[in-house]
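The values are calculated or read from the model by the stated rules, or taken from the named source; none is laboratory data. Bear in mind the structure is a predicted one, so any value in this text is a computation, not a measurement. Don't worry about glycine lacking a Cβ; one is built from the backbone with ideal geometry, like all the others, and counts go over all protein chains shown. For the accessible areas, the whole protein counts, side chains as well, though only heavy atoms, and no ligand, DNA or RNA atoms are used. Shrake-Rupley method; radii C 1.70, N 1.55, O 1.52, S 1.80 Å.
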Amino acid sequence: MKIAVIGVGNVGGTLGPAWAKAGHEIIYGVHDPGSEKVQTLLVNSGQNARAAGVAEAAAGADIVIFATPWLATQDAVRTAGTLEGKIVVDCTNPIAPDLKGLSIGTTISAGEQVAQWAPGARVVKAFNTTGSGNMTNPHYESQTVTMLICGDDDEANKTVAQLSNDVGFDTCITGPLYHARYFEPMAMLWVDMAYLQGRGPDFAYKILKR
Ligand SMILES: NC(=O)c1ccc[n+]([C@@H]2O[C@H](COP(=O)([O-])OP(=O)(O)OC[C@H]3O[C@@H](n4cnc5c(N)ncnc54)[C@H](OP(=O)(O)O)[C@@H]3O)[C@@H](O)[C@H]2O)c1
């Protein structure tokens, strides 16, 4: 698949190379394609990746991933241009700057907000409920980290589930996009436990099934 990755920090800079190595065509949408950081990312990603401006990257892709700080996400979506018909993956968490809570929630979510900013896009919430270290390595001895996915379009959910499987996650499609209202507090709990309670980032959520 042709995937634009907008935001190449902890999350985009981990998922992009993993997908490039799995055979997907990656276009990083960045402010400065010539920067040292982006050039290093391209080397780490191999031959299936290139970098472009945000609008060019999004226009050339079937799937557009937003892995941007929450406060920059509206700007990133606007800069991406029309996303109608594309699969848009929202990885963001609307975490307050001091890590002391979510800035929106309960009756709305970042995922639903992104859907409002990108009319006609098939928005999927994914890759937000665990830390980027668990994206680099989702395996704990005999267990595999669960990645929760939700969205209103079944085909888009299945496509993003495959991308999650490609990274190595045990993937669970939970239901419609409003489930992002529940995913984002789960992410906040993970962040609080990891960084405010001092547990560190080497733990993850796992769904057990009978
Ligand atoms: N860190 C995690 O473990 C983790 C896990 C799950 C979800 N999340 C969520 O995922 C999102 C990204 O987190 P992160 O830790 O990867 O962030 P990060 O390391 O700070 O990286 C953010 C990236 O977004 C880019 N960016 C900023 N403003 C932009 C704009 N207006 N248009 C396009 N790109 C822009 C930055 O580019 P410049 O450097 O050029 O500004 C940078 O490449 C956040 O919403 C976070 O809550 C994070």
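Dividing the convex hull volume of the alpha carbon atoms of the chain by its residue count, what do you get in Å³ per residue? Kindly include the intermediate steps, with their values, before the conclusion.
Working: hull volume 25.6 nm³, N = 210.
Per residue, the Cα convex hull of the chain comes to 122 Å³.
Using a Gaussian network model on the chain with a 10 Å cutoff between Cα atoms, which of Pro33, Pro97, Pro185 fluctuates the most?
Pro97
Taking the solvent-accessible surface of protein heavy atoms with a 1.4 Å probe, what is the per residue accessible area of the stretch 2-196 in Å²? The partial results should precede the final answer.
On the way: 8410 Å² over 195 residues.
The answer is 43 Å² per residue.
Full extension from Leu99 to Arg78: what is 0.36 nm times the residue separation minus their Cα-Cα distance, to one decimal in nm?
Values: separation 21, 0.36 × 21 = 7.56 nm, distance 2.58 nm.
The span from Leu99 to Arg78 would gain 5.0 nm if fully extended.
Once you put a point 7 Å from the Cα of Lys206 and another 7 Å from the Cα of Asp62, both along the Cβ direction, what distance in nm separates them?
3.3 nm
Work out how far the C-alpha atoms of the stretch 1-115 reach from end to end along every principal axis, then list the three figures in whole Å, largest first.
Result, largest extent first: 42, 32, 24 Å.
Just by accessible area at a 1.4 angstrom probe, what is the order of Met186, Met135 from largest to smallest?
Met186, Met135
Over 18 Å between Cα atoms: which of Lys86/Lys158; Lys37/Lys86; Lys86/Lys125; Lys37/Lys125; Lys100/Lys206 fall into that group?
Details: Lys86/Lys158 14 Å; Lys37/Lys86 28 Å; Lys86/Lys125 14 Å; Lys37/Lys125 27 Å; Lys100/Lys206 24 Å.
Among Lys86/Lys158; Lys37/Lys86; Lys86/Lys125; Lys37/Lys125; Lys100/Lys206, the Cα-Cα distance tops 18 Å for Lys37/Lys86; Lys37/Lys125; Lys100/Lys206.
Sequence neighbours fewer than 8 away in the same chain don't count; with that in mind, list the aspartates and glutamates whose C-alpha is under 12 Å from Lys2.
Glu25, Asp62
Of Val114, Cys150, Ala49, which is farthest towards the positive pole of the chain's charge dipole, taken about the Cα centre with +1 and -1 on the beta-carbons of Lys, Arg and Asp, Glu respectively?
Cys150
In what order, largest first, do Arg122, Arg210, Arg199, Arg50 sit by accessible area if the probe radius is 1.4 Å?
Numbers: Arg122 75, Arg210 280, Arg199 155, Arg50 105 Å².
Descending accessible area places them as Arg210, Arg199, Arg50, Arg122.
Calculate the dipole size of the chain relative to its Cα centre from +1 charges on Lys and Arg beta carbons and -1 charges on Asp and Glu beta carbons; express the result in debye to the nearest 20.
Dipole magnitude for the chain comes out near 280 debye.
Rounding to the nearest 20 debye, state how big the charge dipole of the stretch 96-210 is about its Cα centre with +1 on each Lys and Arg Cβ and -1 on each Asp and Glu Cβ.
On the way: 9 positive and 12 negative charges, 47 e Å.
Its charge dipole is roughly 220 debye.
For the chain, what does the helix formula give at 222 nm: sum of -39500 (n - 2.57) over DSSP H segments with n ≥ 4, over the residue count, nearest 500 deg cm²/dmol?
On the way: 8 runs with 76 residues, N = 210.
Result for the chain, helices only: -10500 deg cm²/dmol.
With the Cα gyration tensor of the stretch 139-195 in hand, give its eigenvalues times 5 under a square root as the equivalent ellipsoid semi-axes, listed largest first in whole angstrom. Walk me through the intermediate numbers first.
Values: eigenvalues 83, 62, 10 Å².
Taking √(5λ) for each eigenvalue gives 20, 18, 7 Å, largest first.
If I build a Gaussian network model for the chain, linking alpha-carbon pairs within less than 10 angstrom, which residue out of Val89, Val191, Val124 has the largest mean-square fluctuation?
Its mean-square fluctuation being the largest, the pick is Val191.
Compare Ala194, Ala118, Ala110 in a GNM of the chain, Cα atoms joined below 10 Å, and give the one with the largest fluctuation.
Maximum among the listed residues: Ala194.
Which of the aspartates and glutamates could a cross-linker bridge to Lys21, judged by Cα under 17 Å and excluding same-chain residues fewer than eight apart?
Reachable aspartates and glutamates: Asp166.
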